[in-house]
Every structure is written in C-alpha cells, then in structure tokens.
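The values are calculated or read from the model by the stated rules, or taken from the named source; none is laboratory data. As the structure is a computational prediction, the values presented were derived from the model and not from experiment. As a convention, Cβ positions derive from the backbone with ideal geometry for all residues, glycine included, and neighbour counts pool all protein chains shown. The accessibility values were calculated without ligands, DNA or RNA, using every heavy atom of the protein model including side chains. Shrake-Rupley method; radii C 1.70, N 1.55, O 1.52, S 1.80 Å.
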Amino acid sequence: LIDYSISNSILSYNSEMENSVLITQDWDDETVYALLSNMVNSWVTDISPHVERGGEIEKKFQFPLHEFAVNGYSIFMEGTADYLAPDGTLWDWKTAKRKYSAREKQLQSVQATMYTMMLAQTQPADEYLFHFGVVIRSEKSSGHITTVRRTKNHHGWLARQTVGAVNAMFSAGDLFMNDNHFLCSAKWCPWYSVCRGAHITSDDDRVVDSP
C-alpha cells in the first residue's frame with residue numbers, strides 16, 4: 001500500500017508540474033521523493049487505520065436551502081466530500097505546516113458544517129462527526145486526526161450566514177471577488193472566466209526576473 005501510494009503521489013506531482021502551477025518551493029526530485037515518501041508513510045501509519053473501508057470516495061452533493069429564497073431565487077449548496085464512511089462519518093484529507101487546533105476547527109470550520117449539512121439531508125441525526133485527516137508537510141512528517149462535531153444548530157447558522165451573503169451580493173449588484181487564494185484560477189474555479197479572468201490575462205501575470 002505504501003509503495004503504491006508513493007508511486008501515485010509522484011505521478012500526480014509530475015503531472016501537476018507539467019501544467020501551469022504556482023511554484024513556491026524549488027525542490028529537486030530527490031527532495032520531492034523524500035518528502036512525499038514521509039508524508040505517505042504518515043498517512044498510512046497514523047490515519048488510514050482509523051478509516052472504515054467500504055464508503056464513498058469523492059461524494060458529490062447539491063441541495064437547496066428550502067426555507068430560504070432571495071429575490072425569488074432559490075439558494076443551493078454544493079460541493080464534494082473526500083470520503084463518506086459507511087458509519088456516516090465524513091473525512092477530508094489535508095496537508096498542513098502545523099498540527100490542527102481542535103478548538104479552532106470546532107469554532108470556525110465552515111467546511112465541516114457544510115458537508116455534515118449535506119449528510120443531514122438524507123441521514124437525520126442529533127449530531128454529526130467530521131474528521132480532518134491531516135499530514136504535516138515536512139521531512140519529519142506525522143499524521144493526526146482532528147474531529148469536529150456538528151448539530152442542526154450549526155447548520156441553521158450557516159444557512160443564515162449564506163442568506164446574508166447572497167442578500168449583500170444582490171444589494172451590491174455584483175459577486176464577492178476574492179482572488180487571494182491559489183484556487184482562484186481557470187483550473188479550479190468555473191466562474192474564473194467571468195470574474196478575474198475577464199480582466200487579467202496569463203500574460204498580465206507573467207513573472208519577471210528580479211535584479
């Protein structure tokens with residue numbers, strides 16, 4: 001399993017490097033292999049044994065906020081969860097520079113609320129568990145699991161926040177635009193061509209050499 005996972009990771013890395021990606025570290029192949037090997041080992045050793053097999057990978061979802069509408073428009077939530085286990089717990093795979101704070105994620109994770117809200121559409125329950133399976137990006141890598149608990153009260157609060165954001169968008173007459181994230185690109189965002197991409201070209205973003 002470890003050798004297979006490392007091989008797949010190397011193939012994915014090489015495939016990404018062939019595309020136009022933002023390079024933040026200039027690593028040689030030996031360094032990349034060592035880093036990926038350590039991270040894969042951490043996932044297999046520290047996280048994988050706690051994951052129940054037989055679930056759904058890349059679980060896509062879309063559902064409406066039935067009780068809310070703005071200017072006559074229905075609001076839909078959609079996304080893709082990394083893994084839905086047979087027991088109904090959700091998993092998301094992450095890499096990070098440092099260990100996650102359980103308290104911080106419990107208070108602030110919109111992702112955990114959104115994905116458990118999706119699960120609540122078909123599996124009503126008093127509470128839901130969302131697990132972050134996190135691998136530290138370093139040569140001395142380690143893996144850990146941070147669990148977030150969500151209830152219908154969290155779901156209701158996210159719905160209210162969403163309605164507020166949509167209302168503000170209609171009032172402003174435009175979309176919220178935040179391009180300070182690597183996902184802001186034609187590769188990752190289906191709206192890029194009518195948002196930042198309608199104003200900034202790839203040539204505009206060409207990197208020049210510093211003196």
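Points worth noting:
- Close amide H contacts of M77 (hydrogens built in the peptide plane, cut-off under 5 Å, sequence separation of 5 or more or a different chain): F63, L65.
- Here the Karplus relation 6.51 cos²θ - 1.76 cosθ + 1.60, evaluated at θ = phi - 60°, turns the backbone of region 36-48 into coupling constants of 5, 4, 5, 5, 5, 4, 5, 5, 5, 7, 9, 10, 3 Hz, with x for every Gly and Pro.
- The convex hull around the C-alpha trace of region 115-158, projected and averaged over every direction, spans 3.7 square nanometres.
- Each residue of region 136-141 is assigned a 3J(HN,Hα), and the resulting list reads 6, 7, 6, 5, 10, 5 Hz, derived from the Karplus form 6.51 cos²θ - 1.76 cosθ + 1.60 (θ = phi - 60°), x at Gly and Pro.
- Accessible area ranking (1.4 Å probe, heavy atoms, ligands and nucleic acids excluded), largest first, for I57, I75: I57, I75.
- As a rough guide to protection, the peptides 116-129, 98-111 ranked by mean Cβ packing within 10 Å, highest first, stand as 116-129, 98-111.
- For W91, the solvent-accessible surface computed with a 1.4 Å probe is close to 10 Å², ligands and nucleic acids excluded.
- Distance cut-off 28 Å, percentage of C-alpha pairs in the chain lying past it: 43
- Shape parameters for region 1-118, alpha-carbon atoms, Rg then Dmax in Å: 18.3, 57
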